[in-house]
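Everything on this sheet refers to the single structure shown next.
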Amino acid sequence: MKRILIISDGKPGHLNQSIAFCKIKKISYDIVEINFKNKILKGISYIADKAGYYSENFFKTHKQINYEFYDAVVSTGSSTYYFTKYISKKYKLKSIVLMLPKSYDYEDFTYIVAQKHDNPPKLNNLVEIPLNLSMPVCKNYISKDENKKAIGIVIGGPNEVFNMNLIAIKNILEEIKNKHKNEQIFITTSRRTPSEIEELIEGMEFDYKLIYSKEPSINPIGDFIEKCDEVYITIDSTSMISEVRANSNAKLNIIDLESEYEDTKYHKLVNIANSIDKKLDFEKLLEKIGI
């Protein structure tokens, strides 16, 4: 039976993509977390890769793994790519990396799965996909009234491109509530949502409400995808936009935010998401990749 080892950097957003890959390919997996000893060594790893030099000494001590037990290693995120190469070369395993591994040589990964908004090059070992890999699971946090439409709202937060204005968000939420007054409305905040926005949402009435800072262990997105007929998501939340559009036939509405920038990766991803009108068949998109 084939088995994959996932190399994780400890970031849930990256790890979830690797897990989704394994589930889409229907292959069992184990997970090991690997981290560089320091930022300097991560920088040196780019040079070492160009020189064809690979060593485990760049990394913190990790638990002993019988790498020969696996058929391939899969990883997501810039802190994982060098170690993925090291393991694949030393133990002659297939190497599969998700997202474009910028600053590393592309040619000697077995496969690269890259998102369209990164404008990946055309390579024989590269598979371009429109949106991030994901396979959300409904946890039944939310009870849906089958006699009503369900509306989901996902609120992110400010970042290097977008600002989040309290009054603007208040007005948008009131508009959504007025538009869908006879329907169920569910809302969730996220890790980056400012406290003043969370306080605003706490004071408003919704059929389901998740305040991330109070319940960070709960992720209701799988329920939104399973139960909602229409979803509103702030433009900064690229992973949520990607996850909802890729896995749902629901109508997707992007909530725009203040920004001094145009044509960023966020805008490109939104354009891609808006060009898709139904959920993706990830199994077909990844059929080229053999383990």
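Where a number appears in this text, it was derived from the coordinates with a stated rule and is not lab data. Since the structure is predicted, the reported quantities are computational estimates derived from the model, not experimental observations. Positions of Cβ are backbone-derived with ideal geometry, glycine not excepted, and every protein chain shown enters the neighbour counts.
Values for this structure:
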quantity: Residue-averaged 222 nm ellipticity for the chain, from DSSP H runs of 4+ at -39500 (n - 2.57), nearest 500; calculated: -9000 deg cm²/dmol
quantity: Shape of segment 3-130, Cα gyration tensor, a/c cut at 1.5; calculated: rounded
quantity: 3J(HN,Hα) from dihedral phi, segment 105-117, Karplus parametrisation 6.51/-1.76/1.60, rounded to Hz, x for glycine, proline; calculated: 5, 7, 5, 9, 7, 5, 9, 10, 10, 10, 7, 4, 5
quantity: Gained length - Ser217 relative to Ile276, 0.36 nm times residue gap less alpha-carbon distance; calculated: 18.2 nm
quantity: Within segment 182-269, GluC sites (Glu not before Pro) in DSSP loop having at most 10 other beta-carbon neighbours inside 10 Å; calculated: Glu205, Glu260, Glu262
quantity: Exceeding the 32 Å Cα-Cα cut-off - candidates Lys37/Lys265; Lys37/Lys94; Lys60/Lys227; calculated: Lys60/Lys227
quantity: Segment 225-237 - phi-based ³J(HN,Hα) in whole Hz, Karplus 6.51/-1.76/1.60, Gly and Pro as x; calculated: 5, 6, 10, 8, 8, 8, 9, 10, 9, 5, 4, 5, 8
quantity: GNM top mover of Leu133, Leu269, Leu173 - the chain, alpha-carbon springs below 10 Å; calculated: Leu173
quantity: Neighbour-limited loop hits for trypsin sites (Lys or Arg not before Pro), segment 2-46 (at most 10 other Cβ within 10 Å; DSSP other than H, G, I, E, B); calculated: Lys26
quantity: The chain - percent relative contact order, Cα under 8 Å, separation 6 or more; calculated: 16 percent
